[in-house]
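Structure first, commentary second.
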Amino acid sequence: MPTFLEHLAAKAAYLHARRVHARFLHALDHVEHEQQSVLDRVLSLTADSDFGHRHDLRRVRTADDLKRALPLLTYEDYRPYVDRLCAGDTGALFSAGQRILMFATSSGTTALPKRIPVTPQFVRDYHRGWNIFGLKMLADHPRAILRPILQASGRYDAAFTPAGIPCGAITGLLARTQKRIVRRFYVGRPEVAHLDDAQARYYTLMRLGISRDVAFAVTANPATLIQMAKTADDHSETLIRDVRDGTLSDRLVPDSSLRQRLGARLKPDPVRAAELAQLRARHGHLRPRDYWRLDFLACWTGGSLGHYLQRLADWWGPLPVRDVGLLASEGRVSLPLDDNTPAGVLDVTSAVFEFIPLEQSDRPAPDTLAPGQLEVGRDYVVVLTNTAGLLRYRLDDVVRVRGWLAHAPLVEFLHRAGRVASVAGEKLTENQAVDAVKAACRRLGIPEFDFLLVPRWADPPFYRLYRAGGPAAELPAAVDEALGEQNEEYASRRKSNRIGYLVVEALSPNALAHIDQRLMACRRATAEQYKRPCLLTTPDADDDLFGRD
């Protein structure tokens, strides 16, 4: 039970968060003014850097000035400056006196990972977004207040630059710098991130939480929540024994020093162990939906990740799901304020935003629009300018405008720009592929499944759908028809035989895991950062994944 002092600390934190939330709502009524304020903050950090001198940023006053001073830029344009930052030359991208706390690593379009500079101001901007998100989430689910939180975060210091600056997951730094009253209710410990093996990490988090009254779980990727639940079930015998004895498995966590630190607060709990054994006997599995009194979950639900929602409910129960918003190592874009929707209001306090109309995204110099110029129902590519030193940076996430909150757009993430396959001009997106497979499963009355759709060169070219599980005779026709409904160009080219009939191939149980390992290695991504693609864009790319000649 929370102590009296914890109640007082929570009350103080709540009042602070209320003030932050009130300021945010005021900002949504004055978007242009707020965007100018963010631009002023960014320029104060960057104008006197080498990058700023090269582009004469000291003459920039407005968003229109910024457009004239800078073209749209990608990470590769910034890489030479970031390399200098990594070597300790802060003046490459920032004005004198600025500090780099860490570099947030992220997989990029090349084999070299991206390293995003994290400044104290950037951390404050990121935390403000989480505070607004968390306040609204807990206001909507008050039973979760002052109850334990299952939260997965990565290691912020997985590597170091030549200048000794840590590199890793920004989630690790954010967790460490969160308010103490919030950290008090995390079931995990910072040392969990030091477990390199994903199975050991998932098992340890579930072990640390299973004897507590967990209210909700939050992690960006819903696949992580599924894997955490599945790991606990797969090792349920070990887990129940660990709960009974107050231990942490030496088989799953062999490092004795790390295991001792992680299990320092564990105590024998034979009563809870007996309860868990009874639940497993009753249900045939040990699932979070049965052993925790959960109020909701928080994770991504937009784009292709909506594919995981049914499996999430199977393990965690039919709970409300709060999307955590469009956020990346480069910053936060949206703040969802309601359950069961991927749409969130644009976080106008965290960055200066521009939007490229999707139909112009391939142009060398596309037009960009301010937040107030967007249209409901239209798709746009996100460009941001923020306190990580990224100005007019093509984030290249594609969003659809779903409405408005005050004077700020509500945006929903669809897919990455470029996650588009086209062998006959059809421009099939990953989002369309996911929706098509969902529709086919509904029509056939079969459960949704993990899949990978790959274009194949042939005469005519076609798509091959790899599915986890056994074959279904009617599936090829159902998916083929649904793809045509999602994408009229696909339907047109199928009708004219410019695209051949879709082929379905069943995968062995371990094949998708093998693909994940190959793609993570190629992209140098961690398990938490990695998102399994549902659509490969390069024809015949499956040959490389399966090691075919």
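Identify, from the list ARG155, ARG143, the residue that is assigned by TED's automatic domain parsing to the domain that holds ALA264, crowded, with 20+ Cβ neighbours inside 10 Å and among the basic types (Lys, Arg). Checking each option against the conditions leaves just ARG155. For segment 211-234, residues that are out of contact with any Asp or Glu (no Cβ under 9 Å at 6 or more places or on another chain) and either in a loop (DSSP other than H, G, I, E, B) or not assigned by TED's automatic domain parsing to the domain that holds TYR291 (or both) total 3.
Taking the stated definitions as given, is ARG41 out of contact with any Cys (no Cβ under 7 Å at 6 or more places or on another chain) and free of Cβ contacts under 8 Å to residues at least 40 places away in the same chain?
Details: out of contact with any Cys (no Cβ under 7 Å at 6 or more places or on another chain): yes; free of Cβ contacts under 8 Å to residues at least 40 places away in the same chain: no.
In short, no.
Checking segment 525-536 against the condition returns a match, with at least one residue being touching a His at 6+ places or on another chain (Cβ under 7 Å), at pLDDT 70 or above, closer than 18 Å to TRP300 by Cβ and not acidic (Asp, Glu). From the set of residues in segment 433-452 that are in contact with an Asp or Glu (Cβ under 8 Å, 6 or more places away or on another chain) and either in contact (Cβ under 8 Å) with a residue 40 or more places away in the chain or surrounded by 23 or more Cβ atoms within 10 Å (Cβ to Cβ) (or both), which is farthest from SER304 (Cα to Cα)? Step by step, filter segment 433-452, then rank; the result is ALA440. In segment 373-401, what count of residues is obtained for those that are touching a residue at least 24 places away in the same chain (Cβ under 8 Å), on the phi < 0 side of the Ramachandran plot and within 23 Å of the chain's Cα centre (by Cα)? Going through segment 373-401 one residue at a time, the tally reaches 19.
Among ALA477, ALA491, ALA472, which is over 30 Å from the mean Cα position of the chain (by Cα) and either at positive phi or not in a helix (DSSP H, G or I) (or both)?
Just one listed residue meets the conditions, ALA472.
Here is a check on your reading of the model: is ALA313 in a helix (DSSP H, G or I), modelled with pLDDT of 95 or more and within 30 Å of ALA417 (Cα to Cα)? Before you say what the answer is, go through the steps one by one.
Numbers: in a helix (DSSP H, G or I): yes; modelled with pLDDT of 95 or more: yes; within 30 Å of ALA417 (Cα to Cα): yes.
Here the answer is yes, as ALA313 does meet what is asked.
For segment 54-70, the set of residues classified as within 19 Å of ALA388 (Cβ to Cβ) and either under 31 Å from the mean Cα position of the chain (by Cα) or surrounded by fewer than 18 Cβ atoms within 10 Å (Cβ to Cβ) (or both) consists of ARG54, ALA63, LEU66, ALA69, LEU70, listed by residue number. Looking across segment 74-100, the residues that are surrounded by fewer than 16 Cβ atoms within 10 Å (Cβ to Cβ) and hydrophobic (A, V, I, L, M, F, W, C) come down to ALA87, ALA96. Please specify each residue of segment 375-396 satisfying the condition of being over 18 Å from LEU85 (Cβ atoms) and either touching a helix residue (DSSP H, G or I) at 6+ places or on another chain (Cβ under 8 Å) or buried (at least 23 other Cβ atoms within 10 Å of the Cβ) (or both). Across segment 375-396, the qualifying residues are ARG378, ASP379, TYR380, VAL381, VAL382, VAL383, LEU384, ARG392, LEU395. Looking at ALA264, ALA370, ALA313, just one residue is touching a residue at least 60 places away in the same chain (Cβ under 8 Å), more than 18 Å from the chain's Cα centre (by Cα) and surrounded by fewer than 19 Cβ atoms within 10 Å (Cβ to Cβ), and that residue is ALA370.
The values are calculated or read from the model by the stated rules, or taken from the named source; none is laboratory data. Remember, predicted model here, so these are calculated numbers, not experimental data. Here Cβ is always computed from backbone atoms with ideal geometry, including for glycine, and neighbour counts include all displayed protein chains.
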